[in-house]
Amino acid sequence: MMNAARIEVDRTLIRAKRPCSDGYRWFLRRQAQVSDYQTLLNDLVDEGRVSDACWLLDQLGPTDEVLEVDHLVADALVFAGTLRCRGHVEVSGLLRTGGDLLVGGAAQLGGALQVGRELKVEGGLRCEGEFSVGSGGRVGWSLEVSQALACEGELRVGGALRGGEAVRVAGQLTVGGDVTTQGELRCGAGLKLQGDLLVAGDAFIARGLEVAGTVQCDGHLRAGWGVRASGDIRAARAIRVGESLNAGGVIEAGPDYGIFAGLDVPMAHWSSCAFVRATQRPERLMSGLWDDA
């Protein structure tokens, strides 16, 4: 990570990054021979050139600079370092940081949210655009994202999680309420939630899935380990799990689709690691050991 005080942007540096002709002409027209990195980002945003500011951050990377504010109200902000806000954040457009984003209150974003490293929001967070976190994320209350959600680490949400066209979390996903998506769900580790899981597409969980409510998936349901739900487990297509299936209600796959348990377990160990439990034996149970106890 660069030290912000040492970053000076001149014509030679900008030209070496091969900018678009319109952006380079703006730089020659508006800037002095040498410009401070963050000042240049601010000027671009103020001029409505938010995409150019994002391009510059992509080229030069994050800094160790820290911006601390009581509250943040802005049309848009591109900050190369870490942003600490003690109160609420309200941005009508894009909010992007090269480092962390730390918010003591709630956050309302009318556009996209792009966090280079870690996200911590003590209150709730609502994002009308795309949501991208380069490291782990933690939201104290609910998290609502209208478009795609991507987190490259662990994500913890205190309340409900509502995602848009896709929800992709590389690490563990832990949610204190319901999880609802308008598209596919992909989790690179395990998923644990205290409500219902409602996925309007395929659901892939690399490890285990533990749900305090019901599971409803409008596509395929795949878990690398086992699946346990207090209510029903239903999918519009196939259900495939590496270990056991355990439902407090029924287990149902779509018409002409099968239910497969124990795909990653030797048949000799099905009784302990690949059992299937529900209020009634599922139709088209293709693998796993039905346990009616």
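Could you please let me know if ARG234 is surrounded by fewer than 21 Cβ atoms within 10 Å (Cβ to Cβ), under 26 Å from the mean Cα position of the chain (by Cα) and not in a loop (DSSP other than H, G, I, E, B)? Against the criterion (surrounded by fewer than 21 Cβ atoms within 10 Å (Cβ to Cβ), under 26 Å from the mean Cα position of the chain (by Cα) and not in a loop (DSSP other than H, G, I, E, B)), ARG234 qualifies. Restricting the first member to segment 73-91 and to residues that are closer than 13 Å to LEU113 by Cα, and the second to residues that are basic (Lys, Arg), the beta-carbon pairs closer than 6 Å and six or more apart or on different chains are VAL78/ARG96.
For every residue, the table says whether it meets (1) closer than 27 Å to GLN59 by Cα; (2) surrounded by fewer than 24 Cβ atoms within 10 Å (Cβ to Cβ); (3) at pLDDT below 95.
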{"position": "LEU95", "(1), (2), (3)": "yes, no, no"}
{"position": "GLY111", "(1), (2), (3)": "yes, yes, no"}
{"position": "GLU118", "(1), (2), (3)": "yes, yes, no"}
{"position": "GLY129", "(1), (2), (3)": "yes, yes, no"}
{"position": "SER142", "(1), (2), (3)": "no, yes, no"}
{"position": "GLU154", "(1), (2), (3)": "yes, yes, no"}
{"position": "ALA160", "(1), (2), (3)": "no, yes, no"}
{"position": "THR174", "(1), (2), (3)": "no, yes, no"}
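Residue count for segment 242-277, restricted to those that are buried (at least 22 other Cβ atoms within 10 Å of the Cβ) and either touching a residue at least 40 places away in the same chain (Cβ under 8 Å) or among the aromatic types (Phe, Trp, Tyr) (or both): 2.
With respect to LEU191, is the statement that it is at pLDDT 95 or above, surrounded by 20 or more Cβ atoms within 10 Å (Cβ to Cβ) and within 21 Å of the chain's Cα centre (by Cα) true? It is true that LEU191 is at pLDDT 95 or above, surrounded by 20 or more Cβ atoms within 10 Å (Cβ to Cβ) and within 21 Å of the chain's Cα centre (by Cα).
The values are calculated or read from the model by the stated rules, or taken from the named source; none is laboratory data. Predicted, not measured: the structure shown is a model, and the values here were computed from it. Cβ: placed from backbone, ideal geometry, glycine included. Neighbour counts: every protein chain shown.
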